[in-house]
Amino acid sequence: MAAVASAVAVLLLGLRAGDALAVAIPGLPDPGPVTTWALPVVRLLADGLATLTVGMLVTAAFLLPGDGRSVSPRGWLLLRRAGALAAGWAAVATTLIVLTVSDLLGAPVDELTVATVFSFAVSISQGQALLLQAGLALTAAVLARAGVSRGLAAVAALVALVALVPPAFTGHAAGAGNHQVAVTSLALHVLAAALWVGALAALLMVRRSRQLADAADRYSRLALGCFAAVAVSGSANAAVRLGTVAELWQSRYGWLVLGKLGALAILGALGAVHRSRTLPALRAGRGGAFVRLAAGELVVFAATVALAVALSRSPTPTAEDPLDADPITELLGFPMPAPPSPGLLLGQPLPDMFFLTLTVAGVGGYLTGVWRLRRAGHRWPAARTASWLAGMLLLAAITNLGVARYAYVLFSAHMVQHMVLSMLVPILLVGGAPVTLALRALRRPADPQVRGTREWLLVALHSRPARLLTHPLVALGIYAGSLFGLYFSDLLGTLMRSHVGHLAMLTHYVMAGYLLFWVLIGVDPGRPRLAPPLLVILHLASMMAHGFFGLVLMQTTTVIAPDWYVAVHPGWASSLLDDQKLGAGIAWAFGEVPAAVVMIVLVRQWIRADQREQGRLDRAADRAEATGEEDDLARYNAFLAAARHPGPGDGGDPARA
């Protein structure tokens, strides 16, 4: 109750301080007091239900020990509660659709028609995001009640985490300049905050469990990562919306940001007290201090979430005059770039929080694994480390440097980005053998009933979806099919118009390429590898598909994704069709060097496989000679000799015998 009271009080103060409850101007549409007051309150309720749902599902699946393949009794209790909360979350998200329509149209709720609300939900981005969130929340509710397996609980938790994201891609972030930072940083901020707050609330619900101390230890590591993610993503998002540092104290929005920064500092201090004092006491059997401090922490968390809702309703200092807005900046998030040059392609960075975060996590996690192995006295090939680091740095460069700007407005630059992400980056990442490193470096939990990261990785490797995706023909089909499906349909233009669609497209390039080259030249454990001759044939088939795609693209006389490229075509560029033909030539010629490298690796692996097999036969022959027994080769030769000269008892000619 204290958390609810603090949330409501801070929400009201934040709305007043942020000027979100300004009196309506006479003559302009007014949604009325019901919408004005209900919208932020319902938004706060939705955020609270979402946070609790995510926290309970994550705690049941990942933090608490299980009972074989099932969750523990405490985990089952959390699943039941999460299912009810997720259903309420879906209902509240649906209510938000109605209130948002009322707010945007300036019409009271009782004047809205069903057709108006339905049209908003299926055709406007904000309505689509809320409708998708409601559908995902309902799916999480069904999954939470569908069974008690830990795998199903993990899927429900992942669905709930995904359900947090859609509204982040609309509103302030989507309307701000530099979408690449504003939108992605907000999504990361929301995910990290929900994990941090929700898991703590779930631990308090199982405070009488004997496994609380171990679960709190695992939560402590999760909370530390979430604290760092919330701090970095929140600072980046605030920087985009504020514009200048002076707006922190010169604008009402900045005052609210300062309030959130103060709350974050308090929460960080409370987390430090947990790690230094209450967790050791909890392990010693004295859990009262942990519970009291965690309850107080939740009160601060509730106030911080309310402050975030008030921020979402407050006008930002960087708001632009719609009459003077640059349509290209509104569409891309940045002004039209100048004619390309080597300096502009490699400079003029366009930071993207998603790929920057992915790069930092990938490099940091890999180097941590190598360090653990070396500290334990094990060696790890330097060539694998170099390959992984080169792949991650190339991923960061092609998605964050100037070439990323031109990839939005030039088909040819987009094709360069596509080829690098689908061929060069995956080959280098596969060469790093990250799964092998993870399986060797990750620690096993002390409790065998706890699934750590290593155990979940093994579950994923041996799952049916993994076996299906790593089938050679499926991997080849995904790689080749995406080339034709993306460019010879309306999909490219659709994905380019949405930041989340653009991120999904670039991520797909990397994953499809990684899957194919993992099957071809990967050394990580998983599906049994094909014989080297079959791998060579598979590689030749992928080369043929890639070359055929480039050839067909060069022969195309129709502009691809005209709805997008006409809108963003630079005045200094060549015609759309000429630029498209340049991109087709890049696609046709680009694969030669990577394909040759993969072929060399395949031949080398083939030779090594033959050498290992010959070595095995030689060792078997040596053992047979030492023991006086026949080895496999001797028995095989005897079989061939008997086949050429069958004896009387073998059905042969007695005279010839």
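Only one residue in ALA192, ALA213, ALA199, ALA231 is under 15 Å from GLY287 (Cα atoms) and open to solvent by less than 40 Å² (accessible area, probe 1.4 Å), so which one is that? Break it down into steps so the answer makes sense when it comes.
On the way: ALA192 fails: under 15 Å from GLY287 (Cα atoms); ALA199 fails: under 15 Å from GLY287 (Cα atoms); ALA231 fails: under 15 Å from GLY287 (Cα atoms).
Checking each option against the conditions leaves just ALA213.
If the requirement is being under 26 Å from VAL435 (Cβ atoms) and either outside any helix (DSSP H, G or I) or open to solvent by 30 Å² or more (accessible area, probe 1.4 Å) (or both), which of these qualifies: HIS539, HIS508, HIS546?
On the way: HIS539 fails: either outside any helix (DSSP H, G or I) or open to solvent by 30 Å² or more (accessible area, probe 1.4 Å) (or both); HIS546 fails: either outside any helix (DSSP H, G or I) or open to solvent by 30 Å² or more (accessible area, probe 1.4 Å) (or both).
Going through HIS539, HIS508, HIS546 in turn, the sole match is HIS508.
If the requirement is being out of contact with any helix residue (DSSP H, G or I) (no Cβ under 6 Å at 6 or more places or on another chain), modelled with pLDDT of 90 or more and open to solvent by 40 Å² or more (accessible area, probe 1.4 Å), which of these qualifies: VAL142, VAL114?
Residue meeting the stated conditions: VAL142.
Hey, can you tell me all the residues within the stretch 326-337 that are open to solvent by less than 50 Å² (accessible area, probe 1.4 Å) and assigned to a helix (DSSP H, G or I)? Before the answer, list the steps.
Step one: of the stretch 326-337, the residues open to solvent by less than 50 Å² (accessible area, probe 1.4 Å) are 328-329, 332-334, 337.
Within the stretch 326-337, ILE328, THR329, LEU332 meet the criteria.
Can you tell me which residue in the stretch 457-483 is nearest to the chain's Cα centre (by Cα), limited to those that are within 16 Å of VAL536 (Cα to Cα) and surrounded by 17 or more Cβ atoms within 10 Å (Cβ to Cβ)?
ALA475
Do any residues in the stretch 474-495 that are under 15 Å from LEU421 (Cβ atoms) have Cβ atoms under 6 Å from those of residues that are open to solvent by 40 Å² or more (accessible area, probe 1.4 Å), where the two are at least six apart or on different chains, and which pairs are they?
Listed pairs, sorted by first residue: none to list.
Quick check, is ARG440 without any contact (Cβ under 8 Å) to a residue 60 or more places away in the chain, surrounded by fewer than 21 Cβ atoms within 10 Å (Cβ to Cβ), in a helix (DSSP H, G or I) and in contact with a helix residue (DSSP H, G or I) (Cβ under 7 Å, 6 or more places away or on another chain)? So that I can check it myself, show each step before the final result.
Values: without any contact (Cβ under 8 Å) to a residue 60 or more places away in the chain: no; surrounded by fewer than 21 Cβ atoms within 10 Å (Cβ to Cβ): yes; in a helix (DSSP H, G or I): yes; in contact with a helix residue (DSSP H, G or I) (Cβ under 7 Å, 6 or more places away or on another chain): yes.
For ARG440, the condition - without any contact (Cβ under 8 Å) to a residue 60 or more places away in the chain, surrounded by fewer than 21 Cβ atoms within 10 Å (Cβ to Cβ), in a helix (DSSP H, G or I) and in contact with a helix residue (DSSP H, G or I) (Cβ under 7 Å, 6 or more places away or on another chain) - is not met.
Please verify whether PHE301 is aromatic (Phe, Trp, Tyr), at pLDDT below 80 and either part of a helix (DSSP H, G or I) or within 23 Å of ALA202 (Cβ to Cβ) (or both), treating the condition exactly as stated.
Details: aromatic (Phe, Trp, Tyr): yes; at pLDDT below 80: no; either part of a helix (DSSP H, G or I) or within 23 Å of ALA202 (Cβ to Cβ) (or both): yes.
So PHE301 fails the test.
Restricting the search to the stretch 60-80, which residues are open to solvent by 50 Å² or more (accessible area, probe 1.4 Å), among the hydrophobic types (A, V, I, L, M, F, W, C) and in contact with a Lys or Arg (Cβ under 8 Å, 6 or more places away or on another chain)? Steps first, please.
First, pick out the residues of the stretch 60-80 that are open to solvent by 50 Å² or more (accessible area, probe 1.4 Å): 62, 67, 69, 73-74, 76-77, 80.
Subset that is among the hydrophobic types (A, V, I, L, M, F, W, C): 62, 76-77.
PHE62, the sole residue that qualifies.
Out of the residues in the stretch 371-385 that are open to solvent by less than 60 Å² (accessible area, probe 1.4 Å) and among the hydrophobic types (A, V, I, L, M, F, W, C), which is nearest to LEU442 (Cα to Cα)?
Result: LEU373.
Residues that are of a type in the set (S, T, N, Q), at least 1 per element: which helices (runs of 4 or more DSSP H) completely within the stretch 207-281 meet that?
Output list reads 212-242, 247-250.
GLY83: part of a helix (DSSP H, G or I), out of contact with any Gly (no Cβ under 9 Å at 6 or more places or on another chain), open to solvent by less than 50 Å² (accessible area, probe 1.4 Å) and of a type outside the set (Val, Ile, Thr), yes or no?
yes
From the set of residues in the stretch 247-263 that are of a type in the set (A, V, I, L, M) and open to solvent by 30 Å² or more (accessible area, probe 1.4 Å), which is nearest to the chain's Cα centre (by Cα)? Steps first, answer last, please.
Taking the stretch 247-263 and keeping what is of a type in the set (A, V, I, L, M), we get 248, 256-258, 261, 263.
Add one more test, that the residue is open to solvent by 30 Å² or more (accessible area, probe 1.4 Å), and what stays is 248, 258, 261.
Values: LEU248: 31, LEU258: 29, LEU261: 26 Å.
Here the answer is LEU261.
Report yes if some residue within the stretch 155-165 is buried (at least 22 other Cβ atoms within 10 Å of the Cβ), of a type in the set (Gly, Ala, Ser) and touching a strand residue (DSSP E or B) at 6+ places or on another chain (Cβ under 6 Å); otherwise report no.
No - not one qualifying residue is present in the stretch 155-165.
Considering only residues that are assigned to a loop (DSSP other than H, G, I, E, B) and of a type in the set (Gly, Ala, Ser), look in the stretch 307-325 and name the one that is modelled with the highest pLDDT.
Narrowing the stretch 307-325 to residues assigned to a loop (DSSP other than H, G, I, E, B): 314-325.
So of that shortlist, the ones also of a type in the set (Gly, Ala, Ser) come out as 314, 319, 325.
Numbers: SER314: 72, ALA319: 52, ALA325: 60.
Out of the qualifying residues, it is SER314.
Taking the stated definitions as given, is VAL519 open to solvent by less than 20 Å² (accessible area, probe 1.4 Å) and free of Cβ contacts under 8 Å to residues at least 60 places away in the same chain? Don't jump to the end; show me each part of the working.
Working: open to solvent by less than 20 Å² (accessible area, probe 1.4 Å): yes; free of Cβ contacts under 8 Å to residues at least 60 places away in the same chain: yes.
Yes; evaluated as a whole, the condition is true for this residue.
Residues being in contact with a Gly (Cβ under 9 Å, 6 or more places away or on another chain) and open to solvent by 60 Å² or more (accessible area, probe 1.4 Å): count how many of those fall in the stretch 346-368.
Of the stretch 346-368, the ones in contact with a Gly (Cβ under 9 Å, 6 or more places away or on another chain) are 346-350, 362, 366.
Cutting the leftovers down to open to solvent by 60 Å² or more (accessible area, probe 1.4 Å) gives us 346, 348-349.
Of the residues in the stretch 346-368, 3 are in contact with a Gly (Cβ under 9 Å, 6 or more places away or on another chain) and open to solvent by 60 Å² or more (accessible area, probe 1.4 Å).
Consider GLY106 against the criteria (1) within 28 Å of the chain's Cα centre (by Cα); (2) open to solvent by less than 70 Å² (accessible area, probe 1.4 Å): it satisfies all of them except one. Which criterion is unmet?
With respect to (1) within 28 Å of the chain's Cα centre (by Cα); (2) open to solvent by less than 70 Å² (accessible area, probe 1.4 Å), GLY106 is out only on (1).
Could you name every one of the helices (runs of 4 or more DSSP H) located completely within the stretch 338-437 that has at least 2 residues being modelled with pLDDT of 90 or more?
Working: elements: 342-346, 353-375, 382-400, 402-409, 411-419, 425-431.
Correct list: 353-375, 382-400, 402-409, 411-419, 425-431.
Being under 18 Å from PRO426 (Cβ atoms), acidic (Asp, Glu) and surrounded by fewer than 20 Cβ atoms within 10 Å (Cβ to Cβ) narrows it down to one residue among ASP563, ASP524; which is it? Give the derivation first.
Working: ASP563 fails: under 18 Å from PRO426 (Cβ atoms).
That would be ASP524, the only listed residue that is under 18 Å from PRO426 (Cβ atoms), acidic (Asp, Glu) and surrounded by fewer than 20 Cβ atoms within 10 Å (Cβ to Cβ).
Considering only the stretch 286-314, state which residues are under 28 Å from the mean Cα position of the chain (by Cα) and among the charged types (D, E, K, R).
If the condition is that a residue be under 28 Å from the mean Cα position of the chain (by Cα) and among the charged types (D, E, K, R), then ARG313 is the only one that fits.
Residues being exposed (fewer than 15 other Cβ atoms within 10 Å of the Cβ) and outside any helix (DSSP H, G or I): count how many of those fall in the stretch 527-536.
First pass over the stretch 527-536, keeping only residues exposed (fewer than 15 other Cβ atoms within 10 Å of the Cβ): 528, 530-531, 533-534.
Those still in the list that are outside any helix (DSSP H, G or I) too: 528, 530-531.
Here the count works out to 3.
Pairs, please: C-beta under 9 Å, at least 6 apart or cross-chain, first residue at positive phi and in the stretch 550-573, second open to solvent by less than 10 Å² (accessible area, probe 1.4 Å)?
Qualifying pairs under 9 Å: ALA561/PHE411; ALA561/TYR487; ALA561/LEU492; ALA561/GLY493; ALA561/MET496.
The values are calculated or read from the model by the stated rules, or taken from the named source; none is laboratory data. Model, not experiment: these values are computed from the prediction. Positions of Cβ are generated from backbone atoms using ideal geometry, with glycine treated the same way; all protein chains shown enter the neighbour counts. The area values use the complete protein model at the heavy-atom level, side chains included, leaving out ligands, DNA and RNA. Shrake-Rupley method; radii C 1.70, N 1.55, O 1.52, S 1.80 Å.
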